[in-house]
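Here is the structure we will look at, set down as structure tokens.
The values are calculated or read from the model by the stated rules, or taken from the named source; none is laboratory data. Only a predicted model underlies this, so the values are computations on that prediction, with no experimental measurement involved. For neighbour counting, all protein chains shown are included, and Cβ atoms are generated from backbone atoms with ideal geometry for every residue, glycine included.
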């Protein structure tokens, strides 16, 4: 299916909150994978009111991937947000940043595993400045969204080195990356021009809903954040589809030129 990775450059622009909003509003089966090397937030936030086991999540799945038993162990590591439908699933992250180093050998295999799942996988990968960023997983994503708040040049400028790092690390891959803006501020066109990167989505800055998704309230499922998160699905899908068509056209061009050249040579010989 589709693997969408979300990252930030600095601070707290709302990556985890937006990833959860996507998971709760997007159509079809969706899996939120907490891949932040600084640790996951769901078990202590949105899911804190539930009595859930804390021994499931990405770390046991990483071990299963390396052992070759991921398919058998996968469902046992998940939390179903709308049980028993299995349409909104969560793979909890690590609960201690010290565990991040143990995930290093498994990031590539986890990326391949996520890419082969029937669900849309949204990987919350946290800050690129954290220790042990999951670059092998990011390189296997269909698209990487760099999340930032475009309030001013001060909030946008940390994206410059982050974009340089993304271009450097992903240059040999087909992974696409773009920007996801949170809240109002500098217009999307200006941000895209300043950072030389496309804006793929923009969601509302909605503190009441964000607080609820962090476990601090009852929430507003129809609030601005949720509505714009649902719309983001269509814009991101459209960009991925357009890029796929472009890639196919580019791939077909050499074969078409070879055929035309062969026919021209054949015509001259005749």
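What to note about this one:
- Lone unmet requirement of (1) over 25 Å from residue 211 (Cβ atoms); (2) modelled with pLDDT under 90 for residue 68: (2)
- Leading residue by the ranking (farthest from residue 9 (Cα to Cα)) among those in the stretch 148-159 that are free of Cβ contacts under 8 Å to residues at least 60 places away in the same chain and touching a helix residue (DSSP H, G or I) at 6+ places or on another chain (Cβ under 7 Å): 150
- Candidate set from the stretch 200-209 (those that are within 19 Å of residue 7 (Cβ to Cβ) and surrounded by fewer than 23 Cβ atoms within 10 Å (Cβ to Cβ)); member that is farthest from the chain's Cα centre (by Cα): 205
- Total residues in the stretch 30-56 satisfying the condition of being at pLDDT 95 or above and either closer than 13 Å to residue 89 by Cα or surrounded by fewer than 18 Cβ atoms within 10 Å (Cβ to Cβ) (or both): the figure is 5.
- Looking only at the stretch 1-29, and only at residues there that are in contact with a helix residue (DSSP H, G or I) (Cβ under 6 Å, 6 or more places away or on another chain) and over 26 Å from residue 116 (Cβ atoms), the one that is surrounded by the fewest Cβ atoms within 10 Å (Cβ to Cβ): 9
- Any hit, the stretch 89-98, residues being over 22 Å from the mean Cα position of the chain (by Cα), in a helix (DSSP H, G or I) and in contact (Cβ under 8 Å) with a residue 12 or more places away in the chain: no
- Looking across the stretch 34-49 at every residue that is touching a strand residue (DSSP E or B) at 6+ places or on another chain (Cβ under 7 Å) and not in a strand (DSSP E or B), the one that is nearest to residue 132 (Cα to Cα) is identified as 37.
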